[in-house]
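The values are calculated or read from the model by the stated rules, or taken from the named source; none is laboratory data. Since we're looking at a predicted model, the values are computed, not measured. Quick reminder, even Gly has a Cβ in these numbers, built from the backbone with ideal geometry, and neighbours come from all protein chains shown. To get the accessible areas, we keep the full protein, side chains included, count just its heavy atoms, and leave off ligands, DNA and RNA. Shrake-Rupley method; radii C 1.70, N 1.55, O 1.52, S 1.80 Å.
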Amino acid sequence: MRPLVRTLWSLAWLAAAPAAADGPSVTDAWVRATPPGARTAAVYMTVNGAATADRLLGAATPAADAVEIHANVAENGTTRMERLPALAVPAGAGVRLEPGGAHLMLIGLAAPLAPGTKVALSLELETAGTIEIEVPVVDARANAHAH
C-alpha cells in the first residue's frame, strides 16, 4: 500500500472507531420549571465518574446570567444554602446533585423556564474539560423527577 493511501485508511479507521468511554458523563438531569418573575432555578443531575477523579468547577447557560454550585448545609437545627468553589467527582462513583443536597443554581434567569422545554448547559470539569448537555425543564409538583 502506498504511504498516503495507508495514512488515509488509518485516519478513516480512527474516525470510525467509537469514542473512549473513560470520560465522565451526565444522567438524570432536570431543572425545575419557574413561575413568571422568578430570578433563580435549581438544576439536578448525576455526574458519573470517570476512571480518574475530577472536579466540577462551574457551568454556564444562555438561560441565566450566572450558574453557581450550591449545597444545602445543616447547622444548629437550620439548613442554609452555601456556595461551593467546586464539587468533587469521585472516580467510578461520581456525584449526585439532588433536592436537599448539592445542586447548580441558575441566577438571573433571562425568562421563565416552562415545562417541556430544555436548557442548554455547559459543565466545566477540571480534567475532562467541557461537557455540553440539554436539561429538560419539569414541573416538579407533577413530575416523577421530584424526589
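Applying a threshold of 8 Å to beta carbon distances and a minimum spacing of six or more residues, or different chains, the list of pairs starting in segment 60-82 at a residue that is free of Cβ contacts under 8 Å to residues at least 40 places away in the same chain and ending at one that is assigned to a loop (DSSP other than H, G, I, E, B) and open to solvent by 90 Å² or more (accessible area, probe 1.4 Å) reads I69/P85.
May I ask you to verify whether M45 is of a type outside the set (D, E, K, R), assigned to a strand (DSSP E or B) and open to solvent by 60 Å² or more (accessible area, probe 1.4 Å)? Taking the combined requirement at face value, the residue does not satisfy it. Whether any residue in segment 16-23 is modelled with pLDDT of 65 or more, open to solvent by less than 90 Å² (accessible area, probe 1.4 Å), within 29 Å of L87 (Cα to Cα) and in contact with a Leu (Cβ under 6 Å, 6 or more places away or on another chain) is what I want to check. No - not one qualifying residue is present in segment 16-23.
When segment 65-87 is filtered for residues that are among the small types (G, A, S) and open to solvent by 80 Å² or more (accessible area, probe 1.4 Å), the ones remaining, listed by number, are A74, G77.
Taking (1) in contact (Cβ under 8 Å) with a residue 12 or more places away in the chain; (2) open to solvent by 50 Å² or more (accessible area, probe 1.4 Å) in turn, V26 satisfies each apart from (2).
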